Structure formats: structure tokens, C-alpha cells
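**Student:** Provided herewith is a single structure, encoded as C-alpha cells, for subsequent inquiry.
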Amino acid sequence: MSGGLLVAGTTSDAGKSVLTAGICRWLFRRGVRVAPFKAQNMSNNSAVVVGPDGRGGEIGRAQAMQAAACGLAPDLRFNPVLLKPGSDLSSQVVLLGEALREPVARSGAGARTEAGPDGSPASGTTSITATNFRTLRPRLARTAFAALAELRAEYDVVICEGAGSPAEINLRDTDYVNMGLARHASLPTIVVADIDRGGVFASLFGTVALLDAADQALIAGFVINKFRGDLGLLQPGIDMLGNVTGRPTYGVLPWDRDLWLDAEDSLAYDRLLGRPAPPRGTEWLDVAVVRLPRISNATDLEALATEPGVRVRLTVEPGEVAAADLVVLPGTKSTVDDLAWLRRTGLADAVHAHAAAGRPLLGICGGFQMLSRVIHDEVESRQGTVEGLGLLPMEIAFDPRKTVTRSVGAAYESLPVHGYEIHHGYVSHTDPGLPPLLTYADGRTEGANLGAVLGTHWHGAFESDGFRRRFLTEAARLAGRHGFQVAPDTSFAAARERTLDLLGDLVEEHLDTDALWRLVESGPPAGLPFIPPGAPPAG
């Protein structure tokens, strides 16, 4: 059995994903055969993985990024359970890459299935809710535990990422991603906290103290994330934390503005995405991305934000949409519901005004679907036929079976483009002569390029450098930004590699890597003290 480690956090967005990636990169550069793992992820940011059978499946995008840190292609086992929220109360279940479709109501409370046009539950996908989680949990846990066992048999080390906080004690009896996973696999656990949120020492101490004795025995120590300032001022707190918990702090990671690519959660973004470099020409290009309530794969816009002179802003303000050069409607897990929100907030009117002025408007996946005249949806929202924004002469329908695939083709006649697709909606009808934005390698057309209104179902297309440059050049022309020039040397793949290397550098420079390696190799230290008020040791 290989070595392993669990990276837990005091909260969501504490830094688990980036710390896991950094440890993976550090080990990979040492020549260790290392793999990432997250038993269950809840995110609408996903990546497409081609399985051994040639079919496409989904995992959390953070695990795809961690795989790259390990020098590996993504594997469905790196994130065996993916929950994709479609509302505040339910999430689609993706198990080993595939949306779970079988109705499970026969086994008890059962999971809700999305009914199709004939009302048959088998035509939809299973959704998990608070009330049916206990019914589905055994199957999800078995799948996750089996995937981890396979990975540990194949790799020298598996670095596991937790979810949320291990101190969510109301959920501990059903947990299989935090201390439930650590207990099952005897994993030493480090807890990371974001000092930007404040209360870092209380949150680290409280996380340990709320756990029962068996869980506490696996908590080996701490990492503090996003520190700015004089480390000497922090040291007394680190010393006291060690005294009251009997556990070391393995290091303090500094806040770094360059760590923004492949964000696990779009809500982790600042309103301004990335660090915009000065323009190569005389003018900037301002991009407004509408932050939809169920925004998905917002990482599509990161490639635009790597370009000098391009400011990419996520917004919910109609005024910012009105002032932008380029407006983007991104992907969404709930096309019809988010379209209704767009209308309620006045953003739909701002989008219409932008398009009417002849300035460029781009829709990606769900955002592309919103641009249609009519949407027929008996699968995702089950609202039947609804009116779209009417900016493209096409109709959208929804198929119960999700399209999940990698795509290759060309744009602007000869520029190579690669991307991936994750969608139930498809173009069911277009008016003759609607120009496509992209062409598949087999000659099929994709998307639309109608004057200033453009759209595609492809995610990740802007990672193709030549296509991105041409698209931005055309967008600047349509927006009247004639002084904007694209940079000829920006490489998105190189930018991603620099980010991964930066994560590895931060781990090597700021953490006690010798102590981390001892944890990976030898497991949880013996004799760690119990901290009340958690449930004490038996007897």
C-alpha cells in the first residue's frame, strides 16, 4: 500500500485545492509517482475525462488541475463522486464520470429523478437532496473507497483533498470525504486555514477540539494560508496553538496574486479576474462576464484574462454590462432558471441593449442556449417551452442523456481549436444560413457567428492560443477599440504550467517538507493528545 495524506480545511475555499496541488507538484518534481484524490466534490466547474472505454466523463476541475501537477492525464477515479448543484436544495450526482440515471426510489426514500416528457423517471438523472442522501450515501462511499484503494495500489503516494470542513459534526456520521475517509484509509491529516478570513487560530483549534478522539488521533498538524505581513508577529500565535493542541504548524503560505488560474469555485474570484497586464496597443478591452447564480465552468474566461490589455470582470450590475466592450454569458447548470434571473435583475435588458449597439456578445454553453428564440426544456428545469433572448435564430431542446466529450476542430476557416462539451441542451433548429463559430474535425458545424452575437457549446476553446487571439481581435473591432492589439506570444498552457510550478515552489520554500514526507511515509504520529470537548477516548 502506498503512502498517503489528507488535506482538510477549516472552511470551504481555505486553500485545500491549491495546497493539494502544491504538494503533488513538489512530490512529482522529486520523482515520486503521485496522484490526487477527492472522494466527493460539489462544484459546477468540471473537466471532461475520456475513460478507458472511450466515453467521456466528468470530474471536478480542481482534480484535473491537480492531475496536471502530478504530470498525469485526468482519471475518473481522481474524483469518483461529483455533485453538481442545480438549485439550493438538490444536486445532480455524477458517479465515476457519468450522471447517475437509475431510479433508486425502490430502495426506500430514494433520490429524486428528473422526469422526462412522458413522466418516466428513468428518462432523467438522479438528484441528491438532504432527505435522500442517506439512501445514496452507502453506494457513493463504496465507490469512493474502491477508487482510492485502486489508486493506492498503482501509485507511490496519493494526496487526498477533503471537502468543506471536517468539523461539520452534524454530518460526521455520513462523512466519507473528510475524517470518514481518513479513518477508513488510516490517513494522516493536515488542516489548512485561510488567515484572510480572520480567526485563524480559533478555527484551527476548534476544528480539532470538536472531533472525537479517534478522529483527533489522525490530525497531525496545520498549515496557515494567504499570510501577508511580518511572520514574526504571527509566531506567538503559532507557538500557543502548538502548546494547546500538541500539534505543529508545518508552515505558513504567503498570499500570492499570481495564484488565480483554475479556481475551484467561481465565487473565489475577485470581481476582476487575474492580474491584467498592460496593453500591447493603445487601448484596453473590457470584458463583462455575467455571474449567473448557477454559473459553471467559469474557468473558460481565465484564458481571456491571461491576455495583456484584457480586463475580465465578473458582474451582476446592468451598468457594468452596458459599459463593457465584450459581454459574456457563461455556462450554467440551470439555463432556464438563470435566464429568468437575468430578466428579473434587468440584466437581460442590458444584454439586449449591448447587442443592439452592435457590440460583441458571446454565449458559452448555457449562455449560448439563452441567446436562442425558444428553449424546450423537459429535462433540466422541466418548465416546457420558454422564450429565449431572441438574439440568435435558433431553438434549443434538452436531451435526457448528457453530451460529455472532448472536441477538436477549427475556427475562422483554419485556426485549430480544442475544447470539451458538457450539456443536456442542443440546437434543435436553426434558420438556414446561420454562420457557425466553429467546425468539428469531421466537418459538422458548431455554434453561431451572427455579426456581433456569437455562441458555442464548447468549453475551453479559448485555451487555443490562435483562436483566442483572432476572437479578441474581432471583438475589439466590433467594439470600436481600434487601438487594442493582441500579444503574439501569450501561451495559456505555459501560464498554467507556471502556476503549478509556483505552487510547488511555495510548498518547498514555506513548509516543513521533511516533516510532511514523514507523515506521507509513516502515517499519523503516535501519542497525539486529545483536546476536549470532543467525544473522549472510550474507557
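The values are calculated or read from the model by the stated rules, or taken from the named source; none is laboratory data. Quick caveat, the model's predicted, so the values are computed rather than measured. Neighbour counts are summed over all protein chains in view; Cβ atoms, including those assigned to glycine, are modelled from backbone coordinates with ideal geometry. Areas reflect the complete protein model, heavy atoms only, side chains present, ligands, DNA and RNA absent. Shrake-Rupley method; radii C 1.70, N 1.55, O 1.52, S 1.80 Å.
**Student:** Every residue in region 330-388 that is among the basic types (Lys, Arg) and within 30 Å of Met42 (Cβ to Cβ), please.
**Tutor:** Lys333, Arg343, Arg344, Arg382
**Student:** Would it be correct to say that Leu342 is assigned to a strand (DSSP E or B) and at pLDDT 95 or above?
**Tutor:** Details: assigned to a strand (DSSP E or B): no; at pLDDT 95 or above: yes.
Against the criterion (assigned to a strand (DSSP E or B) and at pLDDT 95 or above), Leu342 does not qualify.
**Student:** Can you pull out every residue in region 170-202 that is surrounded by 24 or more Cβ atoms within 10 Å (Cβ to Cβ) and part of a strand (DSSP E or B)?
**Tutor:** Within region 170-202, Thr189, Ile190, Val191, Val192, Ala193 qualify.
**Student:** Now, a different point. May I ask you to list pairs of residues, at least six apart or on different chains, whose Cβ atoms are under 7 Å apart, with the first in region 450-477 being in contact (Cβ under 8 Å) with a residue 40 or more places away in the chain and the second being of a type in the set (Lys, Arg) and open to solvent by 10 Å² or more (accessible area, probe 1.4 Å)?
**Tutor:** Ala452/Arg359
**Student:** Counting only residues that are among the polar types (S, T, N, Q) and over 15 Å from Leu181 (Cβ atoms), which one in region 3-38 is farthest from the chain's Cα centre (by Cα)?
**Tutor:** Filtering region 3-38 for residues that are among the polar types (S, T, N, Q) and over 15 Å from Leu181 (Cβ atoms), the one farthest from the chain's Cα centre (by Cα) comes out as Thr10.
**Student:** Further question: I'd like to check something: does region 406-419 contain any residue that is small (Gly, Ala, Ser) and more than 29 Å from the chain's Cα centre (by Cα)? Explain how you work it out, then say what you get.
**Tutor:** Restricting attention to region 406-419, the residues satisfying the condition of being small (Gly, Ala, Ser) are 407, 409-411, 414, 419.
Still in the running and more than 29 Å from the chain's Cα centre (by Cα): 414.
Yes, that holds for at least one residue.
**Student:** Then there's this: Is it the case that region 360-379 has a residue that's surrounded by fewer than 20 Cβ atoms within 10 Å (Cβ to Cβ), polar (S, T, N, Q) and under 30 Å from Glu317 (Cβ atoms)?
**Tutor:** no
**Student:** Residue by residue through region 203-255, note down the ones that are surrounded by fewer than 20 Cβ atoms within 10 Å (Cβ to Cβ), at positive phi and modelled with pLDDT under 95.
**Tutor:** Passing the criteria: only Gly229.
**Student:** Going through Pro488, Pro529 one at a time, which residue ends up being assigned to a loop (DSSP other than H, G, I, E, B), of a type outside the set (A, V, I, L, M) and over 30 Å from Asp258 (Cβ atoms)?
**Tutor:** Pro529
**Student:** Sticking with this structure for a sec: All but one of (1) over 19 Å from Val50 (Cβ atoms); (2) among the small types (Gly, Ala, Ser); (3) touching a His at 6+ places or on another chain (Cβ under 8 Å) hold for Ala461; state the number of the condition that does not hold.
**Tutor:** Exception for Ala461: condition (1).
**Student:** Counting only residues that are within 16 Å of the chain's Cα centre (by Cα), outside any loop (DSSP other than H, G, I, E, B) and of a type in the set (Gly, Ala, Ser), how many does region 39-70 have?
**Tutor:** 9
**Student:** Can you tell me which residues in region 303-341 are β-branched (Val, Ile, Thr) and either open to solvent by 10 Å² or more (accessible area, probe 1.4 Å) or closer than 18 Å to Leu391 by Cα (or both)?
**Tutor:** Matches in region 303-341: Thr306, Val316, Val321, Val327, Val328, Thr332, Thr335, Val336.
**Student:** Would you confirm, using the coordinates I've provided, whether Ala73 is open to solvent by 10 Å² or more (accessible area, probe 1.4 Å), among the small types (Gly, Ala, Ser), assigned to a helix (DSSP H, G or I) and under 17 Å from Val157 (Cα atoms)?
**Tutor:** no
**Student:** Any residue at all in region 493-505 that's touching a Pro at 6+ places or on another chain (Cβ under 8 Å) and in contact (Cβ under 8 Å) with a residue 12 or more places away in the chain? First the steps, then the outcome.
**Tutor:** Filtering region 493-505 for residues touching a Pro at 6+ places or on another chain (Cβ under 8 Å) gives none.
No, there is no match, as no residue in region 493-505 is touching a Pro at 6+ places or on another chain (Cβ under 8 Å) and in contact (Cβ under 8 Å) with a residue 12 or more places away in the chain.
**Student:** Moving to a separate point now. Could you tell me which residue of region 502-518 is surrounded by the most Cβ atoms within 10 Å (Cβ to Cβ), considering only residues that are in contact with a helix residue (DSSP H, G or I) (Cβ under 6 Å, 6 or more places away or on another chain) and under 16 Å from Gly31 (Cβ atoms)?
**Tutor:** Top of the filtered list is Val507.
**Student:** For the subset of region 76-97 comprising residues that are at pLDDT 85 or above and outside any strand (DSSP E or B), which member is most open to solvent (accessible area, probe 1.4 Å)?
**Tutor:** Here the answer is Leu96.
**Student:** Would you mind stating whether Ser522 is hydroxyl-bearing (Ser, Thr, Tyr), touching a Ser or Thr at 6+ places or on another chain (Cβ under 9 Å), more than 14 Å from Val310 (Cβ to Cβ) and surrounded by fewer than 18 Cβ atoms within 10 Å (Cβ to Cβ)?
**Tutor:** Considered against the rule, which asks whether it is hydroxyl-bearing (Ser, Thr, Tyr), touching a Ser or Thr at 6+ places or on another chain (Cβ under 9 Å), more than 14 Å from Val310 (Cβ to Cβ) and surrounded by fewer than 18 Cβ atoms within 10 Å (Cβ to Cβ), Ser522 comes out as no.
**Student:** To continue, here is another question. Answer with yes or no whether Thr456 is of a type in the set (Ser, Thr, Tyr) and in contact with a Gly (Cβ under 7 Å, 6 or more places away or on another chain).
**Tutor:** yes
**Student:** Take residues that are open to solvent by 40 Å² or more (accessible area, probe 1.4 Å), within 17 Å of Glu307 (Cβ to Cβ) and touching a Lys or Arg at 6+ places or on another chain (Cβ under 8 Å) and tell me which of the strands (runs of 3 or more DSSP E) falling wholly in region 400-484 contain 2 or more.
**Tutor:** none
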